[in-house]
Amino acid sequence: MGLVDQQRNAQAVCLRSEPPQQALAQLGDRRGWLVYREMVRTRLRDEVELGLRRSCRVAGQQAVTQTLDRYLEQVPPRTRLFREVACHFGRTVAPWWKADASLPAYLPDLCLYEVAVWEVADLDDRNHPEVVELAFDRPPVLSPALRLLALGHVVHTQPAADGGYTAEPCFLAVHRPADDRMVQPWRLNRLSYDLLCLWQAGGVSVTQAVQRVGQAHGLPVDATFVDGLCTVLADFIEKGIILGSLGAR
Amino acid sequence: MQTVRGVGIGLRRALAEALFTSDAPEVRWVEIHPENYVSRGGYFRTMLERAAERWPIVTHGLTLGVGAVEPPEAGYTRPLRALLHELQVPWHSEHLCFSGTDGVMLHDLLPLPFDEQAIDTACARIRELRDSLELPVAIENISFYAHLGTPRMSELQFLLEVLERSDAKLLLDVNNVYVNAKNHGFDPRKYISSIPRERVVQIHVAGHFTRPDGLVIDTHGDAVRQEVYDLLEHTLRHAGEVPVLLERDQNIPSWEQLHAELRRLDEIYQRATGVSWA
């Protein structure tokens, strides 16, 4: 057996929900390889439970075990960056949890929210394009430490007495200000969320985004709208969500 | 290029603040796992910058095990190289192991078969890594709890062949030698005495624990045992003035306890190498 087949056997023992007996037999050291299986799975589970603490608590030990079994067998982590494992797991399993009627309906949203918080804490905000003072005819530059979420439950707040979360549309900017380790969620209205999504995608000026979003929502871009927009922009600038406008190259 | 001497400690979030605010002259350098810092902002970046202002930094990778069948992707080695050159590290180390195949990453250090094919693979990966990082590359001997297939040679022979054929440096993990000696039944002092001293650029020490079934596990979560201190002294007398790192990744004790371990390592270092900081 060649090196790659030996490594595939070892990997299968570590990742399959039940260790394949043929692979174990070919590896030749049953006890030792089951030790590796336990080490690999424990390390990954600990990381997931650290990054998605609230979600795992809501899901419960049994559901987490079953989900992790499926995750490791079907879509195991491929990232070298250990910190990304919890995010990969969360994004992968949120649709699985959504399809599972035995789990709370808010769990997928809670999971995606925790993924965003975990990820934003580490996003590298040093490398962004050159910025100048915000101008309406230029694309704005958003903080790189920002994730935008459109959820169906208000999961960024404390849970209700029964442990659940209010079911209603909830748009969030999950952001880490420069020189601050604390990640903060800001609740947005639908318009602000749509504007930030357009600006985060890039290449769209303030004016262009306002026209597109106004049109999409059937709203006239009149003096009232512009007044409201200026207030929102000032707030985003103060929070460090908008850094300025893209400088001329 | 930074000069690294004496005793260092692994920079970990859980002990960083205590380390930064302590007065511990025994700490002469720190080691980081670059995967924890590549393309990362926030607190970890701040922590790294604070450490780099104060100590030389050495990098020790966790995921580029040189026994991998697939070469590492440039999407990782490019930012890794940039980080290592920014930090002016004197060398970069990885493990003589594999951590997954077919693009999967198990985030653990799995043993290689002790055979010719694995030697050839490891040597190829080491050369590629040295070329892409433009730095000397050291490999670490891992603790292993199982053989991958039937061994064709001893672990020591396997290690020496890889070192010789790839012209790599060695990060000699003394605790791993001890753990392997216990689990696989060999004399750890003979093992260490067989290693060409000119290959050794760095030493690791850590704690371990023994399971109820007798298997000894390298945990990085326990205090360094007396047997490992003794083996370290033997190693330093053999290898000479090689920097020594205390690894503590889990179950982090009070700073006072860690500091006591660092002081003890420094005493051994000075006694065994004849270096005096006074």
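The values are calculated or read from the model by the stated rules, or taken from the named source; none is laboratory data. Bear in mind that the values here come from a model prediction, so they are computed numbers and not experimental data. Backbone-built Cβ (ideal geometry, glycine too); neighbour counts: all protein chains shown.
Structure data summary
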{"quantity": "Single residue of B:Asp108, B:Asp102 found to be among the charged types (D, E, K, R), under 17 Å from the mean Cα position of the chain (by Cα) and within 12 Å of another protein chain (Cβ to nearest Cβ)", "calculated": "B:Asp108"}
{"quantity": "Search result, residues across the stretch A:72-117 that are within 14 Å of another protein chain (Cβ to nearest Cβ), surrounded by fewer than 22 Cβ atoms within 10 Å (Cβ to Cβ) and of a type in the set (Phe, Trp, Tyr)", "calculated": "A:Phe82"}
{"quantity": "Subset of the stretch A:147-181 (residues that are within 25 Å of B:Arg40 (Cα to Cα), under 16 Å from the mean Cα position of the chain (by Cα) and assigned to a loop (DSSP other than H, G, I, E, B))", "calculated": "A:His156, A:Arg176"}
{"quantity": "Residues of the stretch A:8-61 satisfying the condition of being more than 9 Å from chain B (Cβ to nearest Cβ), closer than 23 Å to A:Trp118 by Cβ and of a type outside the set (D, E, K, R)", "calculated": "A:Thr42, A:Val48, A:Leu50, A:Gly51, A:Leu52, A:Ser55, A:Cys56, A:Val58, A:Ala59, A:Gly60, A:Gln61"}
{"quantity": "Tally of residues being more than 14 Å from B:Thr219 (Cα to Cα) and either in contact (Cβ under 8 Å) with a residue 40 or more places away in the chain or among the β-branched types (Val, Ile, Thr) (or both) across the stretch B:168-181", "calculated": "4"}
{"quantity": "Residues of the stretch A:199-211 that turn out to be surrounded by fewer than 20 Cβ atoms within 10 Å (Cβ to Cβ) and either under 14 Å from A:Leu229 (Cβ atoms) or among the charged types (D, E, K, R) (or both), as a count", "calculated": "4"}
{"quantity": "Considering residues of the stretch B:123-146 that are touching an Asp or Glu at 6+ places or on another chain (Cβ under 9 Å) and among the small types (Gly, Ala, Ser) only, the residue farthest from the other protein chains (Cβ to nearest Cβ)", "calculated": "B:Ala138"}
{"quantity": "Within the stretch B:55-81, considering residues that are charged (D, E, K, R) and over 23 Å from B:Leu170 (Cβ atoms), the one farthest from the other protein chains (Cβ to nearest Cβ)", "calculated": "B:Arg78"}
{"quantity": "Some residue of the stretch A:48-60 being part of a loop (DSSP other than H, G, I, E, B), under 22 Å from the mean Cα position of the chain (by Cα) and surrounded by fewer than 17 Cβ atoms within 10 Å (Cβ to Cβ)", "calculated": "yes"}
{"quantity": "Selected residue (only one of A:Asp122, A:Asp109, A:Asp69 is acidic (Asp, Glu) and in contact with a Leu (Cβ under 6 Å, 6 or more places away or on another chain))", "calculated": "A:Asp109"}
{"quantity": "Filter pass, B:Leu84 being at pLDDT 95 or above and more than 14 Å from chain A (Cβ to nearest Cβ)", "calculated": "yes"}
{"quantity": "Matching option when the condition is assigned to a helix (DSSP H, G or I) and either under 14 Å from B:Leu148 (Cα atoms) or not assigned by TED's automatic domain parsing to the domain that holds A:Trp96 (or both), among A:Arg37, A:Arg45", "calculated": "A:Arg37"}
{"quantity": "Selected residue (criterion: farthest from the other protein chains (Cβ to nearest Cβ)) from residues of the stretch B:40-54 that are surrounded by fewer than 18 Cβ atoms within 10 Å (Cβ to Cβ) and of a type outside the set (A, V, I, L, M)", "calculated": "B:Arg54"}
{"quantity": "Residue within the stretch B:13-36 that is assigned to a loop (DSSP other than H, G, I, E, B), at the interface with chain A (Cβ under 10 Å from one of its Cβ atoms) and surrounded by fewer than 20 Cβ atoms within 10 Å (Cβ to Cβ) present", "calculated": "yes"}
